[in-house]
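One structure is given below, encoded as structure tokens.
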Amino acid sequence: MNEKIRVFIADDHQLVRRGLRAVLAVEPDIDVVGEAATGGETVDNVVQLTPDVVLMDLQMPDISGIEATRQILESDPSIRILVLTLFDDDDSVFLALRAGARGYVLKDAEESEIIGAIRAVDSGSAIFSPAIANRVLTMFQGFDGREARPAFPELTAREREILELIAAGMSNPRIAGELSLSVKTIGNHVSNIFGKLQVADRAEAIVRAREAGLGRGSR
């Protein structure tokens, strides 16, 4: 008899974890070996348990699912990460793939699609929800030497400028001096940036920005 696929569930909502456990419990070839509600707990537990597949939410307390994915795969590249999230924006998809995720499925997918995705990534395939697959195809078709789409199009020009300085390691007071704005104004812009990028803190914003190529120059 073939060994069961050992699955770990990472999601900050208990109801989601409980629902996934119930769905997967009836599958004869799948065994849920653990769960976690934060990114840090996910990394610690997954490194110890070494499951075959991790169902990874992107937005969790302390560190994001993208950073958790990166840390897990640095420890054990054989673990398959299947992103299961509400977010279908291009930046989230791109960063998840860059971090090493093997699949990207939306939480509103049918149960059969999620189960099929687990089996697919366990077997070594890459799997995406239909809408995500179209995004990925379009994304890679765009890498043909034409002008690239600017990073974080949801940001205003001023917010993008401030994010560039954040990524370069500048504090709010220093950014204020650089742009001849008040510290309070910079603080408001920074809060808006965090909200639009769906990041919890400055460190996560810097990771996102540097992944997109910002902050590499010196001032």
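Computed quantities for the displayed model
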quantity: Sequence-distant aspartates and glutamates (8 or more away, or on other chains) whose Cα lies within less than 13 Å of residue 107; calculated: 11, 57, 88
quantity: Computed label-point distance, nm, for sites residue 21 and residue 201 using a 7 Å Cα→Cβ extension; calculated: 2.9 nm
quantity: Paramagnetic label zone (point 7 Å from Cα along Cα-to-C-beta, residue 44; backbone N under 19 Å) in the stretch 72-95; calculated: 72-76
quantity: Among 123, 28, 193 - extreme Cα towards positive end, dipole of the chain, charges at beta-carbon; calculated: 193
quantity: By accessible area with a 1.4 Å probe, ligands and nucleic acids excluded, highest first: order of 83, 16; calculated: 16, 83
quantity: Computed P(r) (all Cα pairs; the chain; 5 Å bins; percent); calculated: 1, 7, 14, 17, 17, 14, 11, 8, 5, 3, 1, 0, 0, 0
quantity: Listed residues 14, 132, 171: farthest to the positive end of the dipole of the chain (Cβ charges); calculated: 171
quantity: Neighbour cut-off at most 16 other Cβ (10 Å), DSSP loop, trypsin sites (Lys or Arg not before Pro), the stretch 4-65; calculated: 4
quantity: For peptides 72-78, 100-106, 193-199, sequence by mean Cβ density within 10 Å, most packed first; calculated: 100-106, 193-199, 72-78
quantity: Relative contact order (percent, whole number), the chain, Cα cutoff 8 Å, 6+ residue spacing; calculated: 14 percent
quantity: Helix-only CD estimate at 222 nm, as mean residue ellipticity for the chain, using -39500 (n - 2.57) per DSSP H run (n ≥ 4); calculated: -15500 deg cm²/dmol
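The values are calculated or read from the model by the stated rules, or taken from the named source; none is laboratory data. It should be emphasised that the depicted structure is a prediction, and the values quoted were computed from it without experimental measurement. Cβ coordinates were reconstructed from backbone atoms using ideal geometry, including for glycine residues, and neighbour counts include every protein chain displayed. When the accessible area is computed, the model is the full protein with side chains, heavy atoms only, and any ligands, DNA or RNA have been set aside. Shrake-Rupley method; radii C 1.70, N 1.55, O 1.52, S 1.80 Å.
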